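Trainee: This is the structure I want to talk about, given as structure tokens.
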Amino acid sequence: WGILFSHPRDFTPVCTTELGRAAKLAPEFSKRNVKMIALSIDSVQDHLSWCKDINAYNGEQPAEKLPFPIIADKNRELA
């Protein structure tokens, strides 16, 4: 199984809380062999900053990494 999160823009409140909750639940999804990935129209650099924000929202140390990747779609070719 897989979960694709598609987001219109980094740093939007609903997207941040959704990915934050998904990051918290990642170990449970992993136990069930579910792969997670996100897509957003911003750049990789923006995604790295957003990951810090998501981790801070979760009450964790701001880090540029989540337990799943975020695809950069800056040119909106995938979206």
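Trainee: Any idea what the dipole of the chain comes to, in debye rounded to 20, about its Cα centre with Lys/Arg Cβ at +1 and Asp/Glu Cβ at -1?
Mentor: Values: 10 positive and 10 negative charges, 61 e Å.
Its charge dipole is roughly 300 debye.
Trainee: If you wrap a convex hull around the C-alpha atoms of the chain and split its volume per residue, what is the figure in Å³?
Mentor: Taking the convex hull of the Cα positions in the chain, it is 74 Å³ per residue.
Trainee: Which of the listed residues, Phe29, Leu19, Leu78, is farthest toward the dipole's positive end in the chain, when Lys, Arg count +1 and Asp, Glu count -1 at the beta-carbon?
Mentor: With unit charges placed on the Cβ atoms, the residue in question is Phe29.
Trainee: Would you mind calculating the relative contact order of the chain from Cα pairs under 8 angstrom and at least 6 residues apart, reporting the percent as a whole number? Walk me through the numbers before you get to the answer.
Mentor: Details: 117 pairs, mean separation 28.7, N = 79.
Contact order relative to length: 36 percent.
Trainee: Straight-line reach from Lys24: which lysines have Cα under 19 Å away, leaving out those fewer than 8 places along the same chain?
Mentor: Lys35, Lys52, Lys65
Trainee: Can you show me the helix-derived [θ] at 222 nm for the chain, built from DSSP H runs with n ≥ 4 at -39,500 (n - 2.57) apiece and divided by the number of residues, rounded to the nearest 500. Could the numbers behind the result be given before it?
Mentor: On the way: 2 runs with 33 residues, N = 79.
It comes out at -14000 deg cm²/dmol, rounded to the nearest 500.
Values quoted throughout were computed directly from the atomic coordinates according to the rules given, and no laboratory measurement underlies them. Small disclaimer: the values here were computed from a predicted structure and weren't measured. When we count neighbours, we look across all protein chains shown, and the Cβ atoms used for this are built from the backbone with ideal geometry, even at glycine.
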